[in-house]
Amino acid sequence: YVAFLDPPKASARKTIETLRRRGIAVKVLTGDNEYVTRKICTEVGLDTRNLVTGDTVEKTPPDKLRELVTQTVVFARLSPIQKETVVRALHGAGHVVGFLGDGINDAPALKAADVGISVNNAVDIARESADIILLRKSLSVLDDGVTQGRKTFGNIIKYIKMGSSSNFGNMFSMTGGSIFLPFLPMLPIQILLNNFLYDVSQIAIPTDEVDQEYLLRPRPWDVGYIKRFMFLIGPISSLFDFITFGVMLWVFHAGAPLFRTGWFVESLCTQTLVIYIIRTDKIPFLESRPSRFLVLTSLLIVAAGVALPFSPLGKYFGFVSLPPIYFAILAVILAAYFSMVELAKRWFVTRANRTLNIPGDRHD
């Protein structure tokens, strides 16, 4: 008698449970027979009661197959093409699919998956078909990758939400100001400087913390969500720009240089510091703290923007010194702006949680 022993990795069961808690369903697609497959999958905690074989996959119509692959956890005796068919059926059911494989038979499924994953000792065609190669021999790497991927995605969304809403608001402010002012609200070089300082302040966003609740489930790319957020927050930014316009015209009776300087400072402060509100669905600082690097860069840029009109460089950009009372008024404007954005954000988050296509029990 000759026997082969190929037990599952010790980390397999724990990793499967961890991925399940993160909203990711683990399915097994194998060419092995159903008896071996059922034994191994039971050992790592997978549900094998409704095991499906390749023959069933082959005979099932496409519309029924999408339902079948969603409900089934373990597939056995699959040919390479049948593995690919299961992956594409999961796509058809609206799921995002990652496929881990290391053999020749896995190549079609690796290519069909959204993310093909292989290992460094896999066959050549599997490595070439994969998007990611695992160098550490532990399935826990998958959980690490999911966590870091969701953090990266979350920070990207922060920047897009902030940038799109700020730019949308600035467009309204510039257009509205140009209609009733006898001069440009801000010179082109001042706009470029504003954007440059603003972008520098955000280089620390990749280091920012992400709320643990955000990491618990998959988040789809949703342009509609970004647009709705932009249309809500952008006009609020414009509203306070127009309030600043009124203060500069009716309180300070400002000419073009002073008006532009006042709006430059207010605009830089609002769009740079609003990241603390946009970066989290929670109460900023009290329930969710930003990274120290993000705080440092944003405060340094705001300080530089406030100091610039008083420095020798200010005259080269068309700035003039601002009266001290301006900063007292600016503090009130900023407090009102951040309060209104926080309230709008909470309303938006509450509404979005009910309407966004992210079911709480969705597994990918």
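Past 31 Å, Cα to Cα: identify those pairs from Lys27/Lys151; Lys151/Lys345; Lys83/Lys227; Lys27/Lys282; Lys59/Lys111, in the order given. Violating the 31 Å limit, Cα to Cα: Lys83/Lys227; Lys27/Lys282.
Hydrophobic, long helices, defined as DSSP H runs whose alpha-carbon span along the helix axis is 30 Å or greater and whose mean Kyte-Doolittle value is at least 1.0, occur in the chain at 223-246.
Neighbours of Glu84 by Cβ distance under 12 Å: Lys/Arg scored +1, Asp/Glu scored -1, total +2. Cross-link reach is defined here as a Cα-Cα straight distance under 19 Å, omitting same-chain residues fewer than 8 places apart; for Lys39 the aspartates and glutamates meeting it are Asp6, Glu17, Asp47. Peptides 101-109, 324-332, 34-42 ordered by packing proxy, namely the average of other Cβ atoms within 10 Å per residue, highest first: 101-109, 34-42, 324-332.
Based on C-alpha pairs under 8 angstrom that are at least 6 apart in sequence, the range 56-151 has a relative contact order of 19 percent. With 10 Å bins beginning at zero, the pair-distance distribution over Cα atoms of the chain amounts to 5, 20, 24, 16, 14, 11, 7, 3, 0, 0 %.
Measuring from centroid to centroid over Cα atoms, what is the spacing of the range 238-279 and the range 74-151 in Å? Computed from Cα coordinates, the inter-centre distance equals 51 Å. Each other residue within a Cβ distance under 13 Å of Leu51 adds +1 if Lys or Arg and -1 if Asp or Glu, for a net charge of +1. Applying both filters, DSSP loop and at most 14 other Cβ atoms within 10 Å, to the trypsin sites (Lys or Arg not before Pro) of the range 79-142 gives Arg136, Lys137. Taking every DSSP helix (H) stretch of at least 4 residues in the chain, weighting each as -39,500 (n - 2.57) and dividing the sum by the residue count yields a mean residue ellipticity at 222 nm of -19000 deg cm²/dmol. Nonpolar atom fraction for the range 220-294, defined as the carbon and sulfur part of the 1.4 Å probe accessible area, stands at 67 percent.
The values are calculated or read from the model by the stated rules, or taken from the named source; none is laboratory data. These numbers were taken from a predicted model, which means no experiment stands behind them. Note: ideal-geometry Cβ built from the backbone for every residue, glycine included; neighbour counts use all protein chains shown. Surface accessibility is based on the protein's heavy atoms, side chains included, excluding ligands, DNA and RNA. Shrake-Rupley method; radii C 1.70, N 1.55, O 1.52, S 1.80 Å.
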